[in-house]
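The values are calculated or read from the model by the stated rules, or taken from the named source; none is laboratory data. Computed from a predicted structure; not experimentally measured. Backbone-built Cβ (ideal geometry, glycine too); neighbour counts: all protein chains shown.
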Amino acid sequence: MKERREKEQKQLEEQKKQEALEPKIKELTDEEAAEMIQQQKQKESSKEVATIATKEVDTIKKEEEEEDPQDAGKLKPNAGNGCDLPNYRWTQTLSDIEVRIPLPKVGLRSRDLTVDIQKNHLKVAVKNQLPVIVDDQLLHDVKIEESTWLIEDKQTVLITLEKVNKMEWWSRLVVSDPEINTKKINPEPSKLSDLDGETRGLVEKMMYDQRQKEMGLPTSEEQKKQDMMKKYLYSSRIIYGM
């Protein structure tokens, strides 16, 4: 009798142990189920936003770090957004170009020079003297009637070329010149008042982006991307009740 009780007691204890090891399934109420679904959606939304944000940051860093292969080997613009070359120096605004050519000797007069400005060609030379200083095709067209030249300080020829297209920066004066990187041009603020509204807006944007980069802050395009991300996050909160 005693042995049977001990056996039954032992079987009961083993049964309890077995039940303790088995997973317990709890039936959720409708409120608990809805809350669980909401939490799951929030987790998925957070993961999605984090993934998008990470990709966006990586894209921005990649754009900043990678140099455009087309700009390889191009010269940095001089202080006047042009280039200093052995025979002359040229600078530019969006409206015009100034070319300064040192004369081979002091005392030369206008009658001693040949300065021929054509729509798409420039020639400068001292008469009866070789080689010519410039004789090449201009990169873009200029307005002949608005272009001028004079002798400055008796030792420099100053040529002013009026651009036809006032919406672009020249990467070189004539086609045989080395190219400058126009992406590194820094527009002159004092000239903004002379530009039309559309051109002024373009220049102001370029100046703003340049200042932002110097301060390590996002450019206008990067700010647009950040604003899009903020709108996405805001809409996610509305959709998922975050």
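Things worth noting here:
Residues are listed down the side, and each one gets a yes or a no for (1) assigned to a loop (DSSP other than H, G, I, E, B); (2) in contact (Cβ under 8 Å) with a residue 40 or more places away in the chain; (3) under 17 Å from I180 (Cα atoms):
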position	(1), (2), (3)
W90	no, yes, yes
P104	yes, no, no
G107	yes, yes, no
D116	no, no, no
K123	no, no, no
L130	yes, no, no
W149	no, no, no
N165	yes, no, no
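- In the condition set (1) at pLDDT 90 or above; (2) out of contact with any Ser or Thr (no Cβ under 8 Å at 6 or more places or on another chain), Q223 is compliant with all but (1).
- S176 modelled with pLDDT of 75 or more, loosely packed, with under 15 Cβ neighbours inside 10 Å, assigned by the TED database to the domain that holds T93 and over 30 Å from E35 (Cα atoms): yes
- The set of residues in region 182-200 that are of a type outside the set (V, I, T), out of contact with any Pro (no Cβ under 7 Å at 6 or more places or on another chain) and at pLDDT 75 or above comprises K183, N186.
- So L161, is it at pLDDT 95 or above and touching a Phe, Trp or Tyr at 6+ places or on another chain (Cβ under 7 Å): no
- E145 vs. criteria within 39 Å of the chain's Cα centre (by Cα), surrounded by fewer than 14 Cβ atoms within 10 Å (Cβ to Cβ) and assigned by the TED database to the domain that holds K166: yes
- Residues in region 92-101 that are touching a Ser or Thr at 6+ places or on another chain (Cβ under 8 Å) and not in a strand (DSSP E or B): L94 only.
- Selection within region 132-146 - assigned to a strand (DSSP E or B) and charged (D, E, K, R): D135, D136, K143, E145, E146
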